[in-house]
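A.B. asks: Below are the structure tokens for one structure; questions will follow.
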Amino acid sequence: MSKRDYYETLGVGKSASDDEIKKAFRKLAVKHHPDKEGGNEEKFKEINEAYEVLKDKQKRQRYDQFGHAGVGGASGGGHAGGNPFEGFGGFNGQNVHFDFGDGGLGDIFGQFFGGGASAGRRGPVRGRDVETRVTLTFEEAVFGTEKKLKITMDDECSHCKGSTVEPGHSLKTCETCKGAGQRMRVMNTMFGAIQQAVVCETCDGKGKIPEKKCSVCRGRGVERKEQSLTIKIPAGIDDGATLRLKERGEAVGNGAKGDLYVHIRVKAHKKFTREGDLILSDEHISMIDAALGTEIDVDTVDGKVRMKIPAGTQPDADFKLSGHGVPSLSGKSRGAHIVNIIVDVPTKLNKKQKDLLKQFANTKKRSLF
């Protein structure tokens, strides 16, 4: 299924300015927000995708030149340069492993080129990395929070403490490889017999094996457990960010733990949108208030803030509330909240109101001469 033109999606022309694109997106995002009554999640995703491309000068230039293919969106599914693992399990609260060790391409090439990655390997020295996903509210991403996670993965055996040996016993030299961790194998190939060093299958390249394997983990050094951990989410984190927690991944016998990667997803807000450290929102005022000036209460992540609207304010005017945006990840500064003013023009007027507006219009015309 072909994608819709991004400019058409946002309702702007190809010569639209950055400001026009931004305002068009904000208007459509509020209209189609999936948490809003009458909202449309698919439409919301479509306009968000279009805006992500058109707001970026380089992406927009490539899109103008090559279309969707220039920004990796030639088709609705996978594409060159995309995530080659997308669609295999996802991150819906489940931990997903990624490991390219045993049985991978390194072993295949090693058989033909004298050992390669596997020849000198002395068993697993590091546990596997683990991935999971955490979903935050808009406010949690702005101010930071703590999240409790429960992840099922290999953890250190509580009986042997990861040593793989039954308590009271020790490791001994592997008799197969005599402690070398590898042995020689002869392969008959089209080039003749080739001698190759391979990882010892008895000790898995460690050079030592337990005198007696742990009775709980059977010599693996790990147990499958559900782990509970609390992670700190820094203030100012954005959707799509990834936190790396060193050595909080899976354990391995006689080795270091892998890392835990936490992918951040931030729920869309009904009223606010975000651009970097800026928070954006719309506020409606009447035509009279725009002409005469007024004060309004503006919703911010810090609560309501009183803001002055000067007389003569024009539609789509932007006002800045300093210090009410998103904190920087360093914590040294905080962005602003930008309020876009939408002037509501009355659609139903009684006769007296129409006469007053006509008088105003005539007065304005006469003042020109």
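The values are calculated or read from the model by the stated rules, or taken from the named source; none is laboratory data. What you are looking at is a predicted structure, and each value in this text was computed from that prediction instead of being measured. Cβ: placed from backbone, ideal geometry, glycine included. Neighbour counts: every protein chain shown. The protein model used for the area step is the full one, side chains on, heavy atoms only, and it has no ligands, DNA or RNA in it. Shrake-Rupley method; radii C 1.70, N 1.55, O 1.52, S 1.80 Å.
A.B. asks: Which of the residues that make up the stretch 56-72 are open to solvent by less than 90 Å² (accessible area, probe 1.4 Å) and among the basic types (Lys, Arg)?
C.D. replies: Keep residues of the stretch 56-72 that are open to solvent by less than 90 Å² (accessible area, probe 1.4 Å), which gives 56, 59-60, 63-64, 67-72.
Residues satisfying the conditions are Lys59, Arg60.
A.B. asks: Here is a follow-up. Go through the stretch 169-197 and give me each residue that's among the charged types (D, E, K, R) and outside any strand (DSSP E or B).
C.D. replies: Our first condition is that a residue be among the charged types (D, E, K, R); within the stretch 169-197, this holds for 172, 175, 178, 183, 185.
Within the stretch 169-197, Glu175, Lys178 qualify.
A.B. asks: While we're looking at this one, here's another question. What residue, of Val339, Val345, is exposed (fewer than 13 other Cβ atoms within 10 Å of the Cβ) and touching a residue at least 40 places away in the same chain (Cβ under 8 Å)? Write out each step before concluding.
C.D. replies: Details: Val339 fails: exposed (fewer than 13 other Cβ atoms within 10 Å of the Cβ).
Going through Val339, Val345 in turn, just one is exposed (fewer than 13 other Cβ atoms within 10 Å of the Cβ) and touching a residue at least 40 places away in the same chain (Cβ under 8 Å): Val345.
A.B. asks: Could you grab me the full set of residues in the stretch 42-59 that are in contact with an Asp or Glu (Cβ under 9 Å, 6 or more places away or on another chain), part of a helix (DSSP H, G or I) and within 14 Å of Thr9 (Cα to Cα)? Working first, answer last.
C.D. replies: Here is the first cut: in the stretch 42-59, the ones in contact with an Asp or Glu (Cβ under 9 Å, 6 or more places away or on another chain) are 50, 54-55, 57, 59.
Restricting the remaining residues to those that are part of a helix (DSSP H, G or I) gives 50, 54, 57, 59.
Selection gives Ala50, Leu54.
A.B. asks: I'm checking my understanding of the structure. Among residues of the stretch 125-136 that are within 30 Å of His324 (Cβ to Cβ) and open to solvent by less than 50 Å² (accessible area, probe 1.4 Å), which one is farthest from the chain's Cα centre (by Cα)? Walk me through it before giving the result.
C.D. replies: The initial filter retains those residues of the stretch 125-136 that are within 30 Å of His324 (Cβ to Cβ), namely 133-136.
With open to solvent by less than 50 Å² (accessible area, probe 1.4 Å) added as a condition, the list becomes 134, 136.
Numbers: Val134: 9, Leu136: 11 Å.
The selected residue is Leu136.
A.B. asks: Still on this model: Filter the stretch 30-50 down to the residues that are closer than 23 Å to Asp64 by Cβ and open to solvent by 40 Å² or more (accessible area, probe 1.4 Å) and list them by number.
C.D. replies: Of the stretch 30-50, the ones closer than 23 Å to Asp64 by Cβ are 45-50.
Those that are closer than 23 Å to Asp64 by Cβ and open to solvent by 40 Å² or more (accessible area, probe 1.4 Å): Lys45, Glu46, Asn48, Glu49.
A.B. asks: Here are the criteria: (1) in contact (Cβ under 8 Å) with a residue 12 or more places away in the chain; (2) open to solvent by 70 Å² or more (accessible area, probe 1.4 Å). Tell me which single one Val186 does not satisfy.
C.D. replies: All conditions pass for Val186, except number (1).
A.B. asks: Another one. Among the residues of the stretch 8-29, is there at least one that is open to solvent by 70 Å² or more (accessible area, probe 1.4 Å), closer than 15 Å to Phe272 by Cβ and not hydrophobic (A, V, I, L, M, F, W, C)?
C.D. replies: Here is the first cut: in the stretch 8-29, the ones open to solvent by 70 Å² or more (accessible area, probe 1.4 Å) are 8, 14-15, 18, 20, 27.
Now narrow it down to the ones that are closer than 15 Å to Phe272 by Cβ: 27.
Within this subset, residues satisfying the condition of being not hydrophobic (A, V, I, L, M, F, W, C) are 27.
Yes.
A.B. asks: Moving on to the next point. Quick one: count up the residues across the stretch 299-329 that are more than 13 Å from Ile341 (Cα to Cα), open to solvent by 60 Å² or more (accessible area, probe 1.4 Å) and not in a loop (DSSP other than H, G, I, E, B).
C.D. replies: 2
A.B. asks: Let me ask something additional. Within the stretch 242-270, count every residue that is in contact with a helix residue (DSSP H, G or I) (Cβ under 9 Å, 6 or more places away or on another chain) and not β-branched (Val, Ile, Thr).
C.D. replies: Here is the first cut: in the stretch 242-270, the ones in contact with a helix residue (DSSP H, G or I) (Cβ under 9 Å, 6 or more places away or on another chain) are 264, 266-270.
Filter once more, so that each one left must be not β-branched (Val, Ile, Thr): 267-270.
The number of residues fulfilling the criteria is 4.
A.B. asks: Let me ask another. Taking the stretch 143-183 as the region of interest, how many residues are surrounded by fewer than 14 Cβ atoms within 10 Å (Cβ to Cβ), on the phi > 0 side of the Ramachandran plot and in contact with a Pro (Cβ under 9 Å, 6 or more places away or on another chain)?
C.D. replies: Number of matching residues: 1.
A.B. asks: Could you list, in sequence order, the residues of the stretch 272-298 that are open to solvent by less than 50 Å² (accessible area, probe 1.4 Å), touching a residue at least 60 places away in the same chain (Cβ under 8 Å) and not acidic (Asp, Glu)?
C.D. replies: If the condition is that a residue be open to solvent by less than 50 Å² (accessible area, probe 1.4 Å), touching a residue at least 60 places away in the same chain (Cβ under 8 Å) and not acidic (Asp, Glu), then Phe272, Thr273, Ile279, Leu280, Ser286 are the ones that fit.
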